[in-house]
1. So how many residues does region 9-50 have that are surrounded by 15 or more Cβ atoms within 10 Å (Cβ to Cβ), over 15 Å from the mean Cα position of the chain (by Cα) and among the hydroxyl-bearing types (Ser, Thr, Tyr)?
2. I'd like to know if region 95-112 contains one or more residues that are among the hydroxyl-bearing types (Ser, Thr, Tyr), in a helix (DSSP H, G or I) and farther than 16 Å from LEU146 by Cβ.
3. Check ILE73 against each of (1) more than 12 Å from ALA35 (Cβ to Cβ); (2) of a type in the set (A, V, I, L, M); (3) in contact with a helix residue (DSSP H, G or I) (Cβ under 6 Å, 6 or more places away or on another chain) and name the one condition it does not meet.
4. Would you confirm whether any residue within region 129-144 is part of a loop (DSSP other than H, G, I, E, B), surrounded by 13 or more Cβ atoms within 10 Å (Cβ to Cβ) and under 14 Å from the mean Cα position of the chain (by Cα)?
5. GLN38 fails exactly one of the following numbered conditions: (1) modelled with pLDDT of 95 or more; (2) touching an Asp or Glu at 6+ places or on another chain (Cβ under 8 Å); (3) not basic (Lys, Arg). What is the number of that condition?
6. Residue by residue through region 64-74, note down the ones that are out of contact with any Ser or Thr (no Cβ under 9 Å at 6 or more places or on another chain), in a helix (DSSP H, G or I) and open to solvent by less than 80 Å² (accessible area, probe 1.4 Å).
7. Return the total of residues in region 87-120 being more than 24 Å from ARG25 (Cα to Cα) and either touching a Cys at 6+ places or on another chain (Cβ under 9 Å) or polar (S, T, N, Q) (or both).
8. Considering region 75-101 alone, what residues qualify as being open to solvent by 60 Å² or more (accessible area, probe 1.4 Å), in contact with a Leu (Cβ under 8 Å, 6 or more places away or on another chain) and over 19 Å from HIS40 (Cβ atoms)?
Amino acid sequence: SDFCVVGFSYGSQRAFEYAYNSSSRIDRLILLSPAFFQNHKKSFIKAQLRYFKADQESYTKQFLENVSYPSDINLNECLEVGKYEELESLLSYVWDRDKILELIDRGVTIEVFIGGEDKIVDSQKSFEFFSNITTTYLLKERGHLL
């Protein structure tokens, strides 16, 4: 509807920040496979950034394989390679529990959908975080693409 905001993966981070900072009416926020990396050590993030910088083509190829798992969908035609700064932002983003609760207090219904076979994020850690504060669905046999 006109009052629903939806984001997928990195877009979930952006959709959340949009909803949180918006003065417009928003009734529902839907987060599909939200990019959730705050359970990783800083060394993981540094390694990802280093790998991206050293060999962007190989990094992107592996990323697409992980995104499409467990399917064999070819995502090459959908690909728009991002910038180093965008990857850094994605990997270092921290989902703030207090901000989520504040948005819920404002009357926004938040629904989160997570694939149990996701190879991009740790689906269990993501589920543990979001299910304590939002309506969260774990689709057990689905990957990042749900």
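1. Total meeting the criteria: 1.
2. no
3. (3)
4. Looking through region 129-144, at least one residue is part of a loop (DSSP other than H, G, I, E, B), surrounded by 13 or more Cβ atoms within 10 Å (Cβ to Cβ) and under 14 Å from the mean Cα position of the chain (by Cα).
5. (2)
6. Selection gives LEU64, ASN66, SER68.
7. 2
8. ASN76, LEU79
The values are calculated or read from the model by the stated rules, or taken from the named source; none is laboratory data. Small disclaimer: the values here were computed from a predicted structure and weren't measured. Positions of Cβ are backbone-derived with ideal geometry, glycine not excepted, and every protein chain shown enters the neighbour counts. The accessibility values were calculated without ligands, DNA or RNA, using every heavy atom of the protein model including side chains. Shrake-Rupley method; radii C 1.70, N 1.55, O 1.52, S 1.80 Å.
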